[in-house]
Amino acid sequence: MPITRVAVALLCAVLVSTVGAAAQERKATEQPELQPPPGREHFQLKFGAGYDQGDFGTNDTTRSVYAPVTFRYLGERFDVGVTASLLYLDTESNVVVIDGQPTQSDRQRRSRDAGFGDLYFKGRYYLLDDPGPESFVPGVAPFLKVKAPTADADKGLGTGEWDVGFGVEWDKRFREFFVLGDVSYMFMGEPPHQHFRNRPAFSVGIGRQFTRDIAGTVMLDWRRAIVSNGDDAVELTGIVQFRLARTVTASPYVFVGLTDGSPDFGLGFEVSWKFGRY
């Protein structure tokens, strides 16, 4: 599998470079609108779909499809949103879906099922604005995230327990280039007869605004394994953002897993529409 991972990693680089060079809700990134103008849109609807597969260090291949829908209210200094999803999971390995992605667990599952995923609630507060390229101070937005266990745990589509987490997102622009990332910590609920570790995570990325309507980002993501004998998840993601209209953005992405804690590769897209201008 190393050859496949290297090939997909190169594809990430090619995808980003073809539009000029190198910009969970699952993979796509978004620059927060920290100083919204008067008369802006107050609501956002995001939908997408993604496919991934991997062997997680076993002889079996796990495949999954994730189709999330997010509705968000955009306040002056904060936003709050909820994400629902549909899932399909085909696996013979000890994985469970967390935040839309198969994750190593300590329970053997044989599953080929579809259903609703967990509900995720997330709120952000825009604590600091990016002062501009002449300053090294980034924009900072702490957030709180809660998972409601609406997915069927018997099918492996979720853990069946509540999770609560918090973290901080940051971003900084330097002319046409920008850097961004986040640090978070998730308190994992434990199903009966299973032991899940709490989950710190971080991501960092660099991007470029090629034109007014096209941007690209390369992101590196790390998440600690929820079981003590599992591998931490590490992924490299390439994302391209196309602004199709003033309030509509499309973001295709491709990623490669760099450890057995992640799917070997995946791809998908997300579409964002802002509305409710007043």
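Just so it is clear, none of the values below were taken in a lab; they were calculated from the coordinates. In this text, all values refer to a predicted model and were calculated from it rather than measured experimentally. Note: ideal-geometry Cβ built from the backbone for every residue, glycine included; neighbour counts use all protein chains shown.
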Next on the checklist: Please enumerate, by chain and number, the lysines with C-alpha under 23 Å from the C-alpha of LYS147, excluding those fewer than 8 residues away in the same chain.
Outcome noted: LYS27, LYS46, LYS122, LYS155
Checklist entry - Can you sort THR211, THR62 by how many other beta carbons sit within 10 Å, fewest first? => result THR211, THR62
Checklist outcome for this item: Reduced to Cα centres, the span from the stretch 48-80 to the stretch 215-260 in Å works out to 10
Next on the checklist: Using amide H atoms built in the peptide plane, which far-off residues or other-chain residues are under 5 Å from THR103 H to H?
Outcome noted: VAL96, VAL97, ILE98
Checklist entry - So how do ARG77, ARG124 line up by other beta-carbon neighbours within 10 Å, fewest first? => result ARG77, ARG124
Checklist entry - Once amide H atoms are built 1.01 Å from N in the peptide plane, which residues 5 or more positions from PHE43, or in another chain, come under 5 Å H to H? => result LEU74, PHE275
Checklist entry - Stretch GLU76-THR61 to full length: gain in nm at 0.36 nm per residue minus the Cα-Cα span? => result 0.9 nm
Item to check | Listed residue (ILE226, VAL179, THR237) projecting farthest to the positive dipole end of the stretch 178-250, Cβ model | outcome: VAL179
Item to check | Estimated vicinal HN-Hα couplings, Hz - the stretch 217-227 in sequence order (Karplus 6.51, -1.76, 1.60; Gly, Pro = x) | outcome: 9, 10, 10, 10, 10, 10, 9, 5, 4, 7, 10
Item to check | Residue-wise HN-Hα coupling along the stretch 190-196, computed from phi with Karplus coefficients 6.51, -1.76, 1.60 (Hz; x: Gly, Pro) | outcome: 10, x, x, 6, 10, 10, 10
Item to check | Per-residue Cβ neighbour rank within 10 angstrom, fewest leading, LYS46, LYS155 | outcome: LYS155, LYS46
Checklist entry - Counting only residues 5 or more places away or on other chains, whose amide H sits under 5 Å from the amide H of LEU119 once H atoms are built in the peptide plane? => result ALA148, THR150, ALA151
Next on the checklist: Taking a virtual spin label 7 Å from the Cα of VAL168 along the C-beta vector, which residues in the stretch 183-197 bring their backbone nitrogen under 11 Å of it?
Outcome noted: 183-184
